[in-house]
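Each remark here refers to the structure printed beneath this line.
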């Protein structure tokens, strides 16, 4: 099966300083991929670059950004507009900031349907109501003329999801979709996204700082650090045997993964900024396994099993190699 999305060597620079560098990522049709990392690791910037939403002074370069067989780097602005927002849709972190406060939620949903689906009149209004129903907004007929500030954070996020799935996208990107919501609402929003993904068969890229949340939803995970993907693997394998020291440190900070521990492990040091990158491996200053060679050159994101692109690590001394089944996956 051909990949729906292929990104090769994507980089985003601001004033000559790298925000993300050497990003290689693929997503298959119907697959759920988690992108995990601390704040500032480049998760959102990577997806904003894919959507064409990086403004000046940001500069985006890549060897390839292909979607459904179309090279987005070579696509005309008109062709790209037909794809982004229709076939690729995105749910942003802060729904209230993303929605226009001057218009009702119904108006904003209808605008998406008019632009990409060409709906008008009764068909347009009917479809807008159907979408509000599908994302779990009660009493949709009365809520459709409500302004964003009159709705809760959870309801606004449901509206954003309704707008994102309005045109039946092949790929939905959810950027920290539960930010600033209480725990109960977070679970409801995640359940909604999973339900819609399964019903529609669309691919889903879930951006999060929480590896535990991603593990409940995704089949595969890409872990980012300081603007680079440092490990990719299938969810069961990455929990059973992480191959990069940073991934190991993230797992050590998850309570559910360390039942019985007196205290959770803390990772010393800070993520390097864009203008103070260390030589060699970017994680070396914080790594407890560091050796002199780690400072000599920046490692590539290499396959740990030849031919298995799903299992890769950016480390000269990958961890837990003995746990790898030669046929792919953890033993």
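The values are calculated or read from the model by the stated rules, or taken from the named source; none is laboratory data. All of these numbers come straight from a predicted model, not from anything done at the bench. Cβ sites come from the backbone with ideal geometry, for glycine too, and all protein chains shown count toward neighbours.
Structural remarks
- From 188, 157, residue being within 20 Å of the chain's Cα centre (by Cα), surrounded by fewer than 22 Cβ atoms within 10 Å (Cβ to Cβ) and part of a helix (DSSP H, G or I): 188
- Here residue 199 meets the list (1) outside the structural domain of residue 313 (by TED's automatic domain parsing); (2) at pLDDT below 95; (3) surrounded by fewer than 19 Cβ atoms within 10 Å (Cβ to Cβ) almost entirely, failing just condition (2).
- All positions within region 53-73 that are surrounded by fewer than 17 Cβ atoms within 10 Å (Cβ to Cβ) and part of a loop (DSSP other than H, G, I, E, B): 53, 55, 56, 57, 63, 68, 69, 73
- Selected residue [assigned to a helix (DSSP H, G or I), touching a helix residue (DSSP H, G or I) at 6+ places or on another chain (Cβ under 8 Å) and either outside the structural domain of residue 51 (by TED's automatic domain parsing) or surrounded by 14 or more Cβ atoms within 10 Å (Cβ to Cβ) (or both)] from 136, 106: 106
- Among the residues making up region 109-123, a single one is in contact with a helix residue (DSSP H, G or I) (Cβ under 9 Å, 6 or more places away or on another chain), surrounded by fewer than 17 Cβ atoms within 10 Å (Cβ to Cβ) and in a loop (DSSP other than H, G, I, E, B): 120.
- Count of region 305-316 residues which are assigned to a loop (DSSP other than H, G, I, E, B) and either at pLDDT 95 or above or in contact with a helix residue (DSSP H, G or I) (Cβ under 6 Å, 6 or more places away or on another chain) (or both): 4
- Each residue in region 75-103 was checked for being part of a loop (DSSP other than H, G, I, E, B) and farther than 21 Å from residue 20 by Cα, and 11 of them qualify.
- Residues of region 160-176 satisfying the condition of being surrounded by fewer than 24 Cβ atoms within 10 Å (Cβ to Cβ) and in a loop (DSSP other than H, G, I, E, B): 167, 168, 169, 170, 176
- Only one of the numbered conditions (1) part of a helix (DSSP H, G or I); (2) surrounded by 16 or more Cβ atoms within 10 Å (Cβ to Cβ) is violated by residue 299, and that is (1).
- Here 280, 307 are screened, and the one residue that is free of Cβ contacts under 8 Å to residues at least 24 places away in the same chain and more than 24 Å from residue 11 (Cβ to Cβ) is 307.
- Qualifying residues in region 227-241 (those that are surrounded by 24 or more Cβ atoms within 10 Å (Cβ to Cβ) and in contact with a helix residue (DSSP H, G or I) (Cβ under 6 Å, 6 or more places away or on another chain)) - the one farthest from residue 309 (Cα to Cα): 230
- Filtered residues of region 74-89 (kept if surrounded by 17 or more Cβ atoms within 10 Å (Cβ to Cβ) and either farther than 14 Å from residue 60 by Cβ or touching a strand residue (DSSP E or B) at 6+ places or on another chain (Cβ under 7 Å) (or both)): 83, 85, 86, 87, 88, 89
- Residue 150 being at pLDDT 95 or above, in the same structural domain as residue 10 (by TED's automatic domain parsing) and more than 20 Å from residue 50 (Cα to Cα): yes
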